[in-house]
1. Using a Cα distance threshold of under 17 Å, what count of lysine pairs results for the chain when pairs must be 8 or more residues apart or interchain?
2. For the range 92-148, what does the convex hull of the Cα positions come to per residue, in cubic angstrom?
3. Any idea what diffusion coefficient the chain gets from Stokes-Einstein, in µm²/s, Kirkwood Rh on alpha carbon pairs, 20 °C, 1.002 mPa s?
4. Among ALA127, ALA111, ALA40, determine the one that fluctuates most according to a GNM of the chain built with springs between C-alpha atoms less than 10 Å apart.
5. Specify the residue with the greatest mean-square fluctuation among LYS56, LYS73, LYS119, computed from a Gaussian network of the chain linking alpha-carbon atoms under 10 Å apart.
6. Go ahead and estimate [θ] at 222 nm for the chain from helices alone: -39,500 (n - 2.57) per DSSP H run with n ≥ 4, summed, over the residue count, rounded to 500.
7. Using Cα atoms only, what is the angle between the long axis of helix 40-57 and the major principal axis of the chain, expressed in degrees (0 to 90) to the nearest 10?
Amino acid sequence: MNTDALKALYEVNHYAIGVNARDLTHEESLKEPCAGANSANWVLGHIIQNRGAILKMVGEQPVWNEEEGEYYKRGSRPIGAQTAKPYPDLLRALDLSQERLMAGLNRLEDARLGQVSDKDSLGRKLAFLQFHEAYHAGQLGILRRVTGKPGAIK
């Protein structure tokens, strides 16, 4: 794994997230596929919240502070209309996080990917988090169908 490969994978994620999510309305983003399941609003917010850790790893500032991402953390309760961020704000935050991620990866030297902390290398951590994000990109594809929209990736 090198930084060019990571950049390519995160660019694919950004594309998949975008085509699955961009044409949803705020109201559609709040639709749950079934009781207690997460909506597109939560999934997109979770991706942005999780990118905070990724951005820190590549020397960039997270888009949100801890408080702003609180409702989108793993294990949080499904989001409701009162706590959900406006969907257009989430889309802008996604794009800003992508700009910062690419800037950080552009500065990151391949040799740093092999550095180990907390029993794993930076490269393996970034690769796992890319997979985590891709998993949620796929969920957004299903959630758009819950709103009655056709699949976006053909």
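Derivation of every value follows stated rules applied to the coordinates shown; laboratory data play no part. Note that the structure is predicted; figures quoted are calculated from it, not measured.
1. Values: LYS7/LYS56; LYS7/LYS125; LYS31/LYS85; LYS31/LYS149; LYS56/LYS73; LYS56/LYS125; LYS73/LYS85.
Close lysine pairs under the 17 Å cut-off: 7.
2. Details: hull volume 5.5 nm³, N = 57.
That works out to 97 Å³ per residue.
3. After rounding, the answer is 135 µm²/s.
4. Looking only at ALA127, ALA111, ALA40, the largest GNM fluctuation is found for ALA111.
5. Of LYS56, LYS73, LYS119, the Gaussian network model singles out LYS119 as fluctuating most.
6. The helix contribution divided over the chain gives -19000 deg cm²/dmol.
7. Compared with the principal axis, the helix lies near 10 degrees.
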